[in-house]
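None of the figures in this text is laboratory data; all of them are computed from the coordinates on show. Please read all numbers here as calculations on a predicted model, not as lab measurements. Using ideal geometry, Cβ is built from the backbone for each residue, glycine included, and neighbour counts are taken over all protein chains shown.
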Amino acid sequence: MTDLRGWPQSLIEIAEMTSVAAALRLVDAFGGTKCYVPKTLTPDHPLVQAVGASAAEALRQHFEGDYIEVPVLASARHRKRLILEASGSTNDVAQQVGVTARYVRMVRNAGRPDDRQLEMFEERPAGTASD
């Protein structure tokens with residue numbers, strides 16, 4: 001299970017109802033606003049467009065005719081943390097978090113030295129002359 005420490009309780013509940021990826025997409029689309037959940041959803045409704053049909057239907061069943069106060073998250077930071085804490089293949093993690101496999105590779109490789117890259121400057125002990 002993904003570590004959701006630091007998330008508002010309301011968003012944790014939404015993630016449990018739908019998925020972590022759907023909750024993050026909801027924040028991306030509506031963060032900091034109220035999102036109305038109608039009694040009937042259509043494929044072109046902004047909620048369906050943001051989180052997908054099945055997640056929108058789960059939200060409709062719970063919030064039908066009401067508003068969701070969607071919190072603001074530093075979603076890029078949270079996505080990176082989720083990626084770094086997740087186990088599984090690049091493709092599995094990408095699907096769980098709702099990002100591309102390329103982005104997962106980029107986050108996982110950030111900060112690692114590239115073994116193929118040569119050192120430009122050698123550290124020399126103090127007092128030694130260079131060539």
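Which order results if 28, 66 are arranged by neighbouring Cβ count within 10 Å, fewest first?
Lowest count first: 66, 28.
At a 10 Å Cβ-Cβ cut-off, how would you order 69, 57, fewest neighbours first?
Ranking 69, 57 by Cβ neighbours within 10 Å, fewest first, gives 69, 57.
Listing 18, 100 from the residue with the fewest other Cβ atoms within 10 Å to the one with the most, what is the order?
Ordered from fewest to most neighbouring Cβ atoms within 10 Å, 18, 100 come out as 100, 18.
Please give the contour-minus-distance gain from residue 10 to residue 101: 0.36 nm per residue of separation, less the Cα-Cα distance, rounded to one decimal in nm.
29.9 nm
Between residue 108 and residue 66, what is the FRET efficiency for a Förster distance of 30 Å, r being their Cβ-Cβ separation, to the nearest 0.05?
The computed FRET efficiency comes out at 0.15.
Cβ under 15 Å from residue 63's Cβ, residue 63 left aside: what net charge do those residues give with Lys, Arg +1 and Asp, Glu -1?
Once positives and negatives cancel, what remains is -3.
Considering only C-alpha atoms, what is the centroid distance from the stretch 61-95 to the stretch 4-45, in Å?
Their Cα centres are 9 Å away from one another.
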